[in-house]
Every structure is written in structure tokens, then in C-alpha cells.
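**Student:** Quick one: this structure, given as C-alpha cells, is what I'll be asking you about.
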Amino acid sequence: MADPVLHIKDAYFFEVPKFAFPRNYEKPSEFPAVWLKLDPTVQHREATLLAAQYPMDSMSAEESVAAWHAWSPDHHHAPYDVFYYESNKAAAEAKAEQSGNEIGDIATIPLSTQKEIQQQILGDTAWLDNDVAAVWESEGLLEQYNHHLSGKILIPQPFGGELRNLHEAESGFCLSKFMVVEMVVIVLLAFVFNRFGKSIASGKPARGKCFNLLETFLLFVRDEIARPSIGSDADFHHGHDDHGEHDDHHGHHDDGPETFHLADKVTPILWSLFFFIVTCNLFGLIPFVGSPTGVFGVTVALAGITFLTSVISGSIMHGPFGFWLAQIPSMELSFAISIVIKPMIWVIEVIGLFIKHGVLAVRLLANMVAGHMILLSIMAMAMTAATAGGALLYGVAPVALLGATCIGLLELFVAFLQAYVFTLLSALFIGAAMHHH
């Protein structure tokens, strides 16, 4: 997963109110495996078995486990395999610094060994329901664990992926909450567009409020974004602007109807980007769901689609080499100056090509995250006032309620606005790639 700083809380579960999905497990063996792996008793046994095969240098297995216990609290209670790797990494870095050489191989515990031992531990239901249950009962953990898991609907992992915890993948391909939401959005859009396409396939106008609204958005993206940004077919005729190829022999301009075949070929991509973004944004307004566009990986992928479309469209118009050469603006320079200036300009333009698509991803992420952070701040105010009670509650609660309502309405507007801005910038970038500088 991406760095937590770069995304709104993605996870490998859906969260609903605790009363809507209570957990009442009675034995440790009934708990999900990913939860059991985090239990201190289970982790201690895992550490004991791993240390027997992979003790730390100059330490016995018992000393290695004791060292892990001392290290773990300051490192988010990471398991023994993380301790083993980090300790060996620190030793390798210190050795490399003393010798002045590069860091050599860092000793790690094979993932296959970790999985084998975890399966051995979690498969021992007798040990779980006797020894672990006794520890849980003495520390009151069974009730605490049921409380923490209540309201969490864990996402099945059909592709064999392994989770380290509920927010972090360990190995393989794991489905997260936002991946599921994106698949729902794709299926929903495919269904709606398929129905809409069939309704107008015979040439009849769209009927019904839903299809009329959909047609309005489609025409808006085509007529107000795609065509103006990419231009008409006449704009791609070389020399049209300078030599007047479309003027008749009397010098009058041909005012025939403009055609937009090239722009219309790109329009389906812009439609897909617009509706995917706006639908994901609207899902973010549903409680306990969240918006996938608050994840850095999603916005980068969307910007990557724009970048690839720009490169492919530009390569079709100018040729694979011509597209990259066309990054240099047209300049009337002498040959001697061109040799010095044009390579530098080409490097700057190519770097700028990548930067502007990177900024496209960041601005969508930042705008979607900002609204969620403001709502979170207002909710924190309300929770603080509720805890304090008294006059503070009655003073803050109306302000928090009014603020959350206003920000929620603003978020609804931003959901459409950011989809529009992203699509508009994408169309401008694609159009710029298709035209000569």
C-alpha cells in the first residue's frame, strides 16, 4: 500500500457501525487469521519457533526472543521477522560505514518459512483454545477483541494474498476497500452505458430522466471540453493558419461546417475519465465507504492514462520520433545556436511533460483529501464537545452540525468540479500533444 500520508484511510475491510455488524466469537480459533497473527501470545510463539532456526548473531534462541521483546514496543509491536531484518540491516550499515565498503547482503527470514510456521501455529486449534484462551481470559482480551472487530467486514482475499494486518499487505495480490469500490464503479458505469447505448442504437432520442441527464453530461464533455481543447480537423491541416489553404480564389474564407473526427476519437477516453472520477467522488460522500480518488495510486493511474493517450495520439499524428522532436517549439535560429539551445530546450520540455502529468495526479489527490480533512476536523470538534458536555456541548454542537452540512454540500460540488478540471486538463494535454508547437 501507499504511504499513509498519501491516502485517506484505505484498508482491507469495510467499516460500519458496531451495532450493525457485532462480533461474538467465543474461542480464539474462531477469530480471523490476520487478527490472531497480531496477538502477543501468538507472536511470542512465532518468535520462539523462528528464533530456534534464525537466532541473532552471538545470541541463543532465548536471548534473541528476549531482544525482540525489548525492541518490539518501540517499533509498533512488529513481529520477529521484522526485528531480525532490521537488526541485521543496522549491523550491515554500521559495518559498511566502518570499512568504507558498500552494504552487503542483509540476512532475512524466508517468507516461505514464516508462512509455514504461521500455518502451524494457527492450525493448532487445541493450543489456541486452551493456552491462548487462558491468557485471553486472564487479561480480558476476548471481550476487547470482539469489540474491536465489531463493525469490521473483512474483505476475502481470493487471489492468495497474505495480510500483515488490516491495513497492510504482506505478500501477493490483496484486495483493498478502494479496489472493491472501483470495481463497483466500473460495473455500474458499464451497466448504465450499455443500457444507454442500446436505447439510442436505433437512432431514437434518449428517453427518461436518467438517460437525459446522462446525455447532457456526455454532450457537455464532448462539446465544451473535447472539441474546443483538441480542435477541429481543419486545425490539423499543416499550413492552414499561415497560408490560407481553405480560402477560395477570390480570397474568401470557406465557411463550411467544421468537422471534429479527430477530437471525437479521443472523446470516449475523456468520457471514461470524467464519469469514473465523478462516480468515485460521489461514493466518497457515502458514510463508511470513502473515495478511491483520495489514494495516490489511483490519481497516478488516472494521470498515467492521460499521459499514455497524449503520447499515443501525438505519435499517431507526428510519428514516434516526430512526437518527441515536436517537443521543441518552432524557432528561427542559426545552425550554430540551434546546436546549443535546442537540446537544452528539448530536455526542459520533456521534463515538463512528465511534471505536468504528475501535478495532474497530485492536484486531484490534494483537493479530494482537503475536503475529507475539514470534515474530520469538524467531527473532532463535535466529539470533543460531546465528551466535555455542559455549555460547551450546546455551543459547539450547532456550529459543528451547520459546518458539516455546508462542507458536505461543498464536497458534492467539488466532486463534479474536480472531475471537470481533471478532464479539461487531460483534453488540453492531449490536444497539445497532437498539435505542432
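**Student:** Restricting to region 278-323, name every residue that is more than 18 Å from the chain's Cα centre (by Cα) and among the hydroxyl-bearing types (Ser, Thr, Tyr).
**Tutor:** If the condition is that a residue be more than 18 Å from the chain's Cα centre (by Cα) and among the hydroxyl-bearing types (Ser, Thr, Tyr), then THR309, SER310, SER313, SER315 are the ones that fit.
**Student:** Kindly indicate the residue of region 77-114 that is touching a Leu at 6+ places or on another chain (Cβ under 7 Å) and not hydroxyl-bearing (Ser, Thr, Tyr) and also farthest from PRO40 (Cα to Cα) among those meeting that condition.
**Tutor:** First pass over region 77-114, keeping only residues touching a Leu at 6+ places or on another chain (Cβ under 7 Å): 80-81, 109.
Subset that is not hydroxyl-bearing (Ser, Thr, Tyr): 81, 109.
Details: ASP81: 14, ILE109: 20 Å.
Restricting to residues being touching a Leu at 6+ places or on another chain (Cβ under 7 Å) and not hydroxyl-bearing (Ser, Thr, Tyr), the top hit is ILE109.
**Student:** Still on this structure: Considering only residues of region 411-437 that are touching a Gly at 6+ places or on another chain (Cβ under 7 Å) and more than 21 Å from ASP235 (Cα to Cα), which is modelled with the lowest pLDDT?
**Tutor:** Per the stated criteria, the residue is GLU411.
**Student:** Please find, within region 19-68, the residue that is nearest to ILE286 (Cα to Cα) out of those that are touching a strand residue (DSSP E or B) at 6+ places or on another chain (Cβ under 9 Å) and charged (D, E, K, R).
**Tutor:** Ranking the candidates gives ARG23 first.
**Student:** Let me spell it out: the conditions are (1) farther than 26 Å from SER171 by Cα; (2) surrounded by 14 or more Cβ atoms within 10 Å (Cβ to Cβ); (3) out of contact with any Asp or Glu (no Cβ under 9 Å at 6 or more places or on another chain), and GLY100 meets all of them except one. Which number is the exception?
**Tutor:** (2)
**Student:** If you don't mind, there's one more thing I want to ask. Do we find that GLN118 is outside the structural domain of PRO32 (by TED's automatic domain parsing), buried (at least 16 other Cβ atoms within 10 Å of the Cβ) and over 25 Å from THR423 (Cβ atoms) in this structure? Step through it out loud before you land on a result.
**Tutor:** Values: outside the structural domain of PRO32 (by TED's automatic domain parsing): no; buried (at least 16 other Cβ atoms within 10 Å of the Cβ): yes; over 25 Å from THR423 (Cβ atoms): yes.
No.
**Student:** Given the criteria within 27 Å of MET179 (Cα to Cα) and either part of a helix (DSSP H, G or I) or of a type in the set (D, E, K, R) (or both), does ARG45 qualify?
**Tutor:** Taking the combined requirement at face value, the residue does not satisfy it.
**Student:** Given the conditions (1) closer than 20 Å to ASP131 by Cα; (2) in contact with a Ser or Thr (Cβ under 7 Å, 6 or more places away or on another chain); (3) free of Cβ contacts under 8 Å to residues at least 40 places away in the same chain, and given that SER29 satisfies all but one, which numbered condition is not satisfied?
**Tutor:** (3)
**Student:** If the requirement is being within 21 Å of ALA47 (Cβ to Cβ) and either aromatic (Phe, Trp, Tyr) or not in a helix (DSSP H, G or I) (or both), which of these qualifies: ARG164, ARG207?
**Tutor:** The unique qualifying residue is ARG164.
**Student:** May I ask you to say which residue of LEU282, LEU262 is of a type outside the set (Lys, Arg) and closer than 30 Å to GLU411 by Cβ?
**Tutor:** Checking each option against the conditions leaves just LEU282.
**Student:** Here's a follow-up. For region 322-363, name all the residues that are assigned to a helix (DSSP H, G or I) and either touching a Lys or Arg at 6+ places or on another chain (Cβ under 8 Å) or among the polar types (S, T, N, Q) (or both).
**Tutor:** SER338
**Student:** Filter region 63-102 for residues that are acidic (Asp, Glu), modelled with pLDDT of 85 or more and touching a helix residue (DSSP H, G or I) at 6+ places or on another chain (Cβ under 8 Å); which is nearest to ARG164 (Cα to Cα)?
**Tutor:** Among residues in region 63-102 that are acidic (Asp, Glu), modelled with pLDDT of 85 or more and touching a helix residue (DSSP H, G or I) at 6+ places or on another chain (Cβ under 8 Å), the one nearest to ARG164 (Cα to Cα) is ASP81.
**Student:** Just name the residue that is surrounded by the most Cβ atoms within 10 Å (Cβ to Cβ) out of those in region 47-86 that are of a type in the set (Ser, Thr, Tyr) and within 24 Å of GLN120 (Cβ to Cβ).
**Tutor:** Only one residue fits best here, namely TYR80.
**Student:** Scan THR108, THR125 and give me the residue that is among the hydroxyl-bearing types (Ser, Thr, Tyr) and farther than 19 Å from LYS27 by Cβ.
**Tutor:** Checking each option against the conditions leaves just THR108.
**Student:** I would also like to ask the following. Residues that are touching a residue at least 60 places away in the same chain (Cβ under 8 Å), touching a His at 6+ places or on another chain (Cβ under 8 Å), surrounded by 13 or more Cβ atoms within 10 Å (Cβ to Cβ) and hydrophobic (A, V, I, L, M, F, W, C): does region 200-221 have at least one?
**Tutor:** Within region 200-221, none of the residues are touching a residue at least 60 places away in the same chain (Cβ under 8 Å), touching a His at 6+ places or on another chain (Cβ under 8 Å), surrounded by 13 or more Cβ atoms within 10 Å (Cβ to Cβ) and hydrophobic (A, V, I, L, M, F, W, C).
**Student:** I've got another one for you. Filter region 316-339 down to residues that are under 18 Å from LEU262 (Cα atoms) and surrounded by 14 or more Cβ atoms within 10 Å (Cβ to Cβ), then give me how many there are.
**Tutor:** Residues flagged as under 18 Å from LEU262 (Cα atoms) and surrounded by 14 or more Cβ atoms within 10 Å (Cβ to Cβ) within region 316-339 amount to 4.
**Student:** Quick one: in region 148-177, of everything that is closer than 22 Å to ALA20 by Cα and of a type outside the set (A, V, I, L, M, F, W, C), which residue is surrounded by the fewest Cβ atoms within 10 Å (Cβ to Cβ)?
**Tutor:** Selected residue: PRO156.
**Student:** Could you list, in sequence order, all residues of region 403-433 that are of a type in the set (A, V, I, L, M) and surrounded by fewer than 22 Cβ atoms within 10 Å (Cβ to Cβ)? Working first, answer last.
**Tutor:** First, the residues of region 403-433 that are of a type in the set (A, V, I, L, M): 404, 407, 409-410, 412, 414-415, 417, 419, 421, 424-425, 427-428, 430, 432-433.
Correct list: ALA404, ILE407, LEU409, LEU410, LEU412, VAL414, LEU417, VAL421, LEU424, LEU425, LEU428, ALA432.
The values are calculated or read from the model by the stated rules, or taken from the named source; none is laboratory data. Please read these numbers as outputs of a predicted model, since none were measured by experiment. Cβ: placed from backbone, ideal geometry, glycine included. Neighbour counts: every protein chain shown.
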